[in-house]
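The structure appears below as structure tokens.
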Amino acid sequence: MSTTRVLAASAVSAAAVAALGLAAPVAVARDGMGAHPSNIVVLPSVIARGGQLTVTVDGCPGGGFMTSPAFAQAPLTPINGANQTAKGTATVNANARPGAYDVTVNCSGRTLTRPAAFTVIGGVRGGLGGSVGTGATPTDMAIGGGLVAAAVVGGGLFWMRRRAERRI
């Protein structure tokens, strides 16, 4: 009889431990302790100022937020149906300097940084063909004037020679 009681008591203990073991991850996930951010993906990896980035993070079931020196703090929202994945979009500041930038995500108090996650490139001056100057310099004017004068003189000589050939 005593062996039966010992086995019964162990079975009850094992069932209690199993029930507690199954309930523990649920309690941890509700507290946010189940968040272990990993695999930060930033698309596109090269972007112009004012462009919009999409950031996806694995291991972030409750969402959170992302930050970078190139954009303001933006939210991360859980993706339904995805396995603990969160996603967010951010707009790169119009005055961000060209270069590589890090992205830091915060999921339920746990942070992860991806160094050099994306690169901001400098924009071109639209409509100006990428030029920086505002007009022709005196040297440009002198060269252009010399070329025009040479063309007029060369054309005049060619014309005079053709006229002289017709008289013969």
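Inspect segment 99-118 for any residue being surrounded by fewer than 16 Cβ atoms within 10 Å (Cβ to Cβ) and of a type in the set (K, R) and give the result as yes or no.
no
So, in segment 38-91, how many residues would count as being surrounded by 14 or more Cβ atoms within 10 Å (Cβ to Cβ), touching a Leu at 6+ places or on another chain (Cβ under 8 Å) and assigned to a loop (DSSP other than H, G, I, E, B)?
2
Being within 54 Å of the chain's Cα centre (by Cα), surrounded by 10 or more Cβ atoms within 10 Å (Cβ to Cβ), among the hydrophobic types (A, V, I, L, M, F, W, C) and modelled with pLDDT of 85 or more narrows it down to one residue among A136, A150; which is it?
Working: A136 fails: modelled with pLDDT of 85 or more.
That would be A150, the only listed residue that is within 54 Å of the chain's Cα centre (by Cα), surrounded by 10 or more Cβ atoms within 10 Å (Cβ to Cβ), among the hydrophobic types (A, V, I, L, M, F, W, C) and modelled with pLDDT of 85 or more.
The values are calculated or read from the model by the stated rules, or taken from the named source; none is laboratory data. Values in this document were obtained by computation on a predicted structure and should not be read as measured data. FYI the Cβ positions are ideal-geometry reconstructions off the backbone, even for glycines, and counts take in every protein chain you see.
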